[in-house]
1. Cα centroid distance between the stretch 290-318 and the stretch 50-111, in Å?
2. Whenever you get a sec, compute what percent of the accessible area on the stretch 1-56 sits on carbon and sulfur atoms (1.4 Å probe).
3. Counting DSSP beta bridges with both partners in the chain, what percentage is antiparallel, nearest 5?
4. Could you tell me the number of lysine pairs in the chain with C-alpha atoms less than 22 Å from each other, where the two lysines are 8 or more residues apart or belong to different chains?
5. Whenever you get a sec, compute what percent of the accessible area on the stretch 133-204 sits on carbon and sulfur atoms (1.4 Å probe).
6. How large is the accessible surface per residue of the stretch 59-106, computed with a 1.4 Å probe and reported in Å² as a whole number?
7. For Tyr121, Tyr236, Tyr96, give me the order by solvent-accessible area with a 1.4 Å probe, most accessible first, ignoring ligands, DNA and RNA.
8. Assuming R0 = 22 Å, what is the FRET efficiency of Lys281 and Glu343, from their Cβ-Cβ distance, to the nearest 0.05?
Amino acid sequence: MTENYIGWDIGGAHLKAVLLDREGVVQAATQVYCPLWRGLRELEFAIDHVLLEFNANRHAVTMTGELVDIFQNRREGVLKIADTLTSKLQGEVRYYAGRHGFVNGTALDQHWADVASMNWYASAQYVAKNVPKAIFVDIGSTTTDIALIENAAPQVTGFTDAARLQTDELVYTGVVRTPLMAITQKVSFAGHMTNVAAEFFATAADVYILTGDIDMAGNMAETADGADKTIEASAYRIARMIGCDADDAPLSSWKALAASFKEMQLGQIRQALFKHMSLLKDQSALQLVGAGAGAFLVAELAVQLGLEYHAVSEFITAIDHEAEAMAAICFPAYAVAYLCVGEAGGLA
């Protein structure tokens, strides 16, 4: 019987899982909404949901969920998430510790800081196996991870969230959960610049529902007001960001406002990319490699910057297109599983 692996990426808002066989071929991939800030029961429910369809005796785990505020500190978060996994998973469970490779549960207390929020490094390691010079950009629901790759290896300076925030290797902006007040303080509307309300009235998901870049199925998170995820509801929320009601202007105006917010978010990420590009003495043959729910933004940035673009799906082997596409959205889960298969001597 083929030996299967599940790669788990446990975030604060979503659990992502990718099922690989011993040859590294994606058999299935899924993302489950998991608002971990409500308690570890949410994680238990999400794991149960995955295990209804996925069956494997080896598991590779990475996480960022240790950051949620139900934990007093990140160490507690790593250890309690691991305890939950131990109670749910059958077979071998390995934790990705970045530069230290994989560790088992007994070594977590020693390596918790290496395990915490290291999913991006697994992704960068995998991309570096396929592209010798690139900037890897993974835009998720909440954050954007950026890693410079040169000489077929990640060339990063930060290995904690605190350090990565200082180096623009972590930009806290995403395409679903980010409040619009965190994207910009001023935005263009109807030919004028207007201040943006410092209120949690709308999120990036409303922007990309209105621009057509994501659909309701790609928006698992709750809306700012707990209401519907329709185009009309998104228009209602985005209008409030500039002190208006949706019926103050036609829907086309709110779509134009969404496009303005999109451009401001692109600007945030573009500025970070300029910083990384400036570190290269030779920018020839530089590529952008995009992953995550917001990979469409990376493709647009590549056009703006005049760089060759590749989606990570081009480097993924899967049993069908649906599994390939979802594995690209859940890329850290795929990467950590693939690296674990390789460590175990698979991929023959």
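The values are calculated or read from the model by the stated rules, or taken from the named source; none is laboratory data. Quick caveat, the model's predicted, so the values are computed rather than measured. A quick note on method: Cβ atoms are made from the backbone with ideal geometry, for glycine too, and the neighbour counts reach across all protein chains shown. Calculation scope for accessible area: heavy atoms of the full protein, side chains included, ligands and nucleic acids excluded. Shrake-Rupley method; radii C 1.70, N 1.55, O 1.52, S 1.80 Å.
1. Their Cα centres are 29 Å away from one another.
2. Values: 1060 of 2260 Å².
Answer for the stretch 1-56 is 47 percent, counting heavy atoms of protein chains only.
3. Numbers: 31 of 52 bridges.
Antiparallel: roughly 60 percent of the beta bridges in the chain.
4. So the count works out to 12.
5. Here carbon and sulfur together make up 53 percent of the probe-accessible area.
6. 47
7. On the way: Tyr121 25, Tyr236 100, Tyr96 5 Å².
Solvent-accessible surface, decreasing: Tyr236, Tyr121, Tyr96.
8. Values: r = 33 Å, r/R0 = 1.51.
Using R0 = 22 Å, I get an efficiency of 0.10.
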